[in-house]
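Heads up, the thing below is written out as structure tokens.
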């Protein structure tokens, strides 16, 4: 029996950012009965911080006429009562907050999460960023059944993907969200067909992907050029790596590296004031390619040098 045609499996979808939209969309397009969408509350933002910003998931859900819940507190009685009233058989979570037990235990078929890594590698808030930063050659997505400790549940499906040598987090993100949508569909199909075969995560293989802060993004030049290159592409396009450039915050979107023996102090800058800015690192040099000085536009380094006050570069050796 095709449960989808009879709408006999009732699904609540939980998510917030654009990464989750493809997963919700694929379920809608395959005719699943999405009885509710849970997402974050609207945030003040925009110029002056006076505009209410809706999540990407909310915008999509509204376009499809889906019921939307935006709880401030996931443990509140008002929210849990509203969730119970939806009588969901299954909950699917993609890029959302940590759920209390009372919420993820609610549906009879359980709650399943999509994570942007090959669990148990890169448990945590920023799995895509850290896979690129650490120079991984492959990553993927995992669907798993939620349990009490975050990102520790038994695995249902995994799909792998190669990471390009120069690929940024932003580029990988775009590919993983589509791969993830396919895994979400596969997960729901397996659950509705009673073909769920779970396997535990191997704890000895656990690695972490902690939340990234502004301080995390500062470039440490006291390491190899290759590690710094991976760090820069791992932070591209957001939140973006940075360093202090004559007292000003300089964002760095793209660099190249060169292995070379030198006698310079780590972090020393050299420039010809026309074509390049290079910085001494542990095993050679990194060359800034695409940058954004605080208060300026994002640009390539030649354009930057062409327009900057030459006095700012005083003391740099060509």
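Within the range 37-60, the set of residues being assigned to a loop (DSSP other than H, G, I, E, B) and touching a residue at least 24 places away in the same chain (Cβ under 8 Å) comprises 39, 40, 41, 42, 55. Residue-level check: of (1) under 16 Å from the mean Cα position of the chain (by Cα); (2) over 30 Å from residue 34 (Cβ atoms); (3) surrounded by fewer than 19 Cβ atoms within 10 Å (Cβ to Cβ), residue 223 misses just (1). Does the range 11-29 contain at least one residue that is over 30 Å from residue 163 (Cα atoms), modelled with pLDDT of 95 or more and touching a helix residue (DSSP H, G or I) at 6+ places or on another chain (Cβ under 8 Å)? Checked against the condition, which is being over 30 Å from residue 163 (Cα atoms), modelled with pLDDT of 95 or more and touching a helix residue (DSSP H, G or I) at 6+ places or on another chain (Cβ under 8 Å), the range 11-29 yields at least one hit.
Scan the range 235-262 for residues that are assigned to a strand (DSSP E or B), touching a residue at least 24 places away in the same chain (Cβ under 8 Å) and either buried (at least 20 other Cβ atoms within 10 Å of the Cβ) or under 28 Å from the mean Cα position of the chain (by Cα) (or both) and the total you get is 14. Number of residues in the range 199-228 that are in contact (Cβ under 8 Å) with a residue 40 or more places away in the chain, in a loop (DSSP other than H, G, I, E, B) and within 23 Å of residue 240 (Cα to Cα) equals 9. Scanning the range 91-124 for residues that are within 24 Å of residue 8 (Cβ to Cβ), surrounded by fewer than 20 Cβ atoms within 10 Å (Cβ to Cβ) and either touching a helix residue (DSSP H, G or I) at 6+ places or on another chain (Cβ under 6 Å) or at pLDDT below 95 (or both) yields a single hit, 109. Could you check, for the range 57-77, whether at least one of its residues is over 16 Å from residue 96 (Cα atoms) and under 22 Å from the mean Cα position of the chain (by Cα)? There is no residue in the range 57-77 that is over 16 Å from residue 96 (Cα atoms) and under 22 Å from the mean Cα position of the chain (by Cα). When residue 315 is tested against the conditions (1) surrounded by fewer than 14 Cβ atoms within 10 Å (Cβ to Cβ); (2) at pLDDT 95 or above; (3) part of a loop (DSSP other than H, G, I, E, B), the lone failure is (2). Mind listing just one residue for me: the one in the range 267-285 that is on the phi < 0 side of the Ramachandran plot and within 31 Å of the chain's Cα centre (by Cα) and, of those, surrounded by the most Cβ atoms within 10 Å (Cβ to Cβ)? Only one residue fits best here, namely 281. Evaluating residue 53 against the criteria (1) touching a strand residue (DSSP E or B) at 6+ places or on another chain (Cβ under 6 Å); (2) under 20 Å from residue 188 (Cβ atoms) leaves one unmet condition, (2).
The values are calculated or read from the model by the stated rules, or taken from the named source; none is laboratory data. Predicted, not measured: the structure shown is a model, and the values here were computed from it. So basically every Cβ, Gly included, is an ideal-geometry build from the backbone, and we count neighbours across all protein chains shown.
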